[in-house]
1. Quick check on residue 90: is it hydroxyl-bearing (Ser, Thr, Tyr), open to solvent by less than 60 Å² (accessible area, probe 1.4 Å), out of contact with any His (no Cβ under 6 Å at 6 or more places or on another chain) and at pLDDT 85 or above?
2. I'd like the residue in region 93-107 that is part of a helix (DSSP H, G or I) and surrounded by 10 or more Cβ atoms within 10 Å (Cβ to Cβ) and, out of all such residues, is nearest to the chain's Cα centre (by Cα).
3. Could you give every pair whose Cβ atoms fall below 8 Å, whose first residue belongs to region 71-95 and is farther than 30 Å from residue 13 by Cβ, and whose second residue is of a type in the set (D, E, K, R), counting only separations of at least 6 or pairs across chains?
4. Across region 69-78, what is the total count of residues that are open to solvent by 100 Å² or more (accessible area, probe 1.4 Å) and small (Gly, Ala, Ser)?
5. For region 4-15, does any single residue satisfy the condition of being modelled with pLDDT under 80, open to solvent by 50 Å² or more (accessible area, probe 1.4 Å) and more than 24 Å from the chain's Cα centre (by Cα)?
6. Here are some conditions: (1) modelled with pLDDT of 85 or more; (2) hydrophobic (A, V, I, L, M, F, W, C); (3) open to solvent by less than 90 Å² (accessible area, probe 1.4 Å). Residue 81 meets all but one. Which one does it not meet?
Amino acid sequence: MASITSKPALSTLRQLLSELRKQSSSSKLAENQMARYVLNEYRKYQTTDQQLCKAADEMHFKAKSYCEYLQNSRLYKEINVEFKGKGERSVEDTARMVGFKLPHDPK
């Protein structure tokens, strides 16, 4: 993240803001405290990345790691809601959930 205008840094920033927007309860991203913090950190390390970081891409790595964390936590919540145990399920419900169809048994 040698510069905030470098292509990987901008891409990561866009992904971060997108994930924050998806998980935010407020309608405007400008009202989100975490989004403001991320933008301030990007601005702070815009010109001094090489001086303050141990590795050249440390801040970019941290931003990508946080972005992946946000994506995976959102996906975890979605999967957990979909497949969370609702007590005992019937065989038909279980088959339908995994994409199978039971053979029709006319009696």
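The values are calculated or read from the model by the stated rules, or taken from the named source; none is laboratory data. Worth saying up front: this structure is predicted, and the values here are computed from it rather than measured. In this analysis, Cβ positions are derived from the backbone assuming ideal geometry, glycine residues included, and neighbour counts consider all displayed protein chains. Each accessible area value is taken on the protein alone, full model and side chains, heavy atoms only, with ligands, DNA and RNA left out. Shrake-Rupley method; radii C 1.70, N 1.55, O 1.52, S 1.80 Å.
1. Details: hydroxyl-bearing (Ser, Thr, Tyr): yes; open to solvent by less than 60 Å² (accessible area, probe 1.4 Å): yes; out of contact with any His (no Cβ under 6 Å at 6 or more places or on another chain): yes; at pLDDT 85 or above: no.
So residue 90 does not fit the description; no.
2. Residues of region 93-107 part of a helix (DSSP H, G or I): 93-98.
Next, from what is left, pick out any that are surrounded by 10 or more Cβ atoms within 10 Å (Cβ to Cβ): 93-97.
Details: 93: 30, 94: 29, 95: 30, 96: 28, 97: 25 Å.
Looking at residues that are part of a helix (DSSP H, G or I) and surrounded by 10 or more Cβ atoms within 10 Å (Cβ to Cβ), I get 97.
3. Close Cβ pairs satisfying both conditions: 95/101.
4. Applying the first criterion (open to solvent by 100 Å² or more (accessible area, probe 1.4 Å)) to region 69-78 yields 69, 76-77.
Within this subset, residues satisfying the condition of being small (Gly, Ala, Ser) are none.
Result for region 69-78: 0.
5. Checking region 4-15: not a single residue is modelled with pLDDT under 80, open to solvent by 50 Å² or more (accessible area, probe 1.4 Å) and more than 24 Å from the chain's Cα centre (by Cα).
6. (3)
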